Amino acid sequence: MRRVTAAAMVGAALLLAAGCSSSSAGTTSSGSGSGNADPAPVTVRLGFLENITHASALVGLKEGFFTKALGSAGTLKPTAFSTGTQETTAILAGQLDAAYVGPNPAINAWQKSGGTAIKVVSGAATGGASVVVAKGITSAAQLKGKTLATPSLGNTQDVALRYWLKQNGLTTTSTGGGDAFVKPTTPNSAAVLEFKSGQIAGGSEPAPYDIEMVSDGGTVLVSEPGVTTLLVVTQSFLSAHPAIVADLIKAQIQANDFIKSNLTAAEADANAELASYTDKPLKSSLVAASFKEITFTDDPDESSLTTDASQAVSLGLLKPVSLNGIFDLGPLNQALTAAGQPQVSS
């Protein structure tokens, strides 16, 4: 359970070049925690980000919802990433079976694979990201000539910031030029430090990093709407292990239900689980403030995903792409019905 390194990414790419399968060794069972289990349990390689916007994953891990749902049919191998761009690389390299990702990394994985890599099987969260700027800045016009941070080029917050600037008459380029200088900065905590030291004028960051920037004297200029976190699975894994995917979705629903009914405990869970990867817990006040700006929902919000794609295309960060077929919400709706909750549509 370690943060992905650049070396790991290179290794993943080499495996892909060698024709490595997207299924891990031992993933031969099609059993489920709720059904018949194969003697050899499936190893489920699950990715997520070191963000509170991925609290569904963090709470699901801490409370053991994934482990309980899988039962003897599967074992979980979680991996934390710094950015969705890294997750997309890992997915396309056959390094992950399922992942919590932002909408733009999901769209990128879909486009780069020609619609063969992933399926969106559930939502997880909306909201929870903001453009935070230095005190005294109250409009986009004041950002001309200023440097702003985002997690990575083409990620959800990066596209949101660039599009908002464009709508307000400011140009940006993928290489950091234009009227306002957008600087992809990894990890997100580095952007917080640069903002605190005055090296940058602000940034578009997910929780808790936007909250940290506010606590360091920043002002929220824009609260970014729409879907923030999705649960995707590789198509090869879904085809080989549909019952295991159903178990993951069941755990996802349980995690969001727990957040809604046990907020204080969920905040503590997310903080503790995140600290196990970052080696440093957040202040409880930062976690609480982060949860307040996020809506945890299993609905993947199709219209929001479509909007994200069109914005990325308009910025020249994405080639025109059809998202027809990217959703497979049948297993989610079955699980929601079993839990006595309304279905979602796409």
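The values are calculated or read from the model by the stated rules, or taken from the named source; none is laboratory data. Note that the structure is predicted; figures quoted are calculated from it, not measured. Neighbour counts run over all protein chains shown; Cβ positions are idealised from the backbone, glycine included. The accessibility values were calculated without ligands, DNA or RNA, using every heavy atom of the protein model including side chains. Shrake-Rupley method; radii C 1.70, N 1.55, O 1.52, S 1.80 Å.
Once Rg/Rh (Cα atoms, Kirkwood Rh) is calculated for the structure shown, the corresponding label among [x] 0.96; [y] 0.99; [z] 1.07 turns out to be [x].
The lysines whose alpha-carbon is closer than 23 Å to the alpha-carbon of Lys144, local same-chain residues fewer than 8 away aside, are Lys135, Lys166, Lys183, Lys196. The stretch 134-169 and the stretch 253-314 have their alpha-carbon centroids 23 Å apart. The listed peptides 144-154, 122-132, ordered by packing as a protection proxy, come out as 122-132, 144-154 (highest mean of other Cβ atoms within 10 Å first).
Annotation: amide H-H contacts under 5 Å for Phe327 (H modelled 1.01 Å from N, sequence separation of 5 or more, or interchain): Val120.
Pull up the DSSP beta bridges for the chain and report the antiparallel fraction as a percent, rounded to 5. Before the final figure, lay out the partial values.
On the way: 24 of 41 bridges.
Expressed as a percentage, antiparallel bridges in the chain total about 60.
With a 1.4 Å probe and all protein chains left in place, how much of the accessible area of the chain comes from carbon and sulfur atoms, in whole percent?
Values: 7330 of 13720 Å².
Roughly 53 percent of what the probe reaches on the chain is carbon or sulfur.
Out of all DSSP beta bridges in the stretch 69-222, what portion is antiparallel? Express it as a percent rounded to 5. Please list the in-between numbers first.
Values: 9 of 15 bridges.
Taking every DSSP beta bridge with both residues in the stretch 69-222, the antiparallel ones total about 60 percent.
The phi-based Karplus calculation (6.51 cos²θ - 1.76 cosθ + 1.60; θ = phi - 60°) puts the 3J(HN,Hα) values of the stretch 199-210 at 6, 10, 8, x, x, 10, 9, x, 5, x, 6, 5 Hz, whole numbers, x for Gly and Pro. Please name which of Thr297, Val227, Ala160 has its Cα lying farthest along the dipole of the chain towards the positive end, using unit charges on Cβ (Lys, Arg +1; Asp, Glu -1) and the Cα centre as origin. Of the listed residues, the answer is Ala160. Taken per residue, the accessible surface of the stretch 234-346 reaches 47 Å², heavy atoms only and a 1.4 Å probe.
Report, in order of residue number, the helices in the chain meeting two criteria: a C-alpha extent of 20 Å or more along the helix axis, and a mean Kyte-Doolittle hydropathy of at least -1.0; treat each whole DSSP H run as one helix.
On the way: long enough: 242-261 (29 Å, 0.41); 263-278 (22 Å, 0.06).
Those that pass (Cα extent of 20 Å or more, hydropathy at least -1.0) are 242-261, 263-278.
Partners of Lys77 within straight-line reach, counting lysines whose Cα lies under 16 Å from its Cα and excluding those fewer than 8 residues away in the same chain: Lys62, Lys68. The magnitude of the dipole of the chain, with charges of +1 and -1 set on the Cβ of Lys/Arg and Asp/Glu and taken from the Cα centre, is near 600 debye.
Note the count of lysine pairs whose C-alpha atoms are less than 27 angstrom apart in the stretch 248-332, limited to pairs 8 or more residues apart or on different chains. Let's see the in-between values first.
Details: Lys250/Lys260; Lys250/Lys292; Lys260/Lys280; Lys260/Lys283; Lys260/Lys292; Lys280/Lys292; Lys283/Lys292.
The number of close lysine pairs in the stretch 248-332 is 7.
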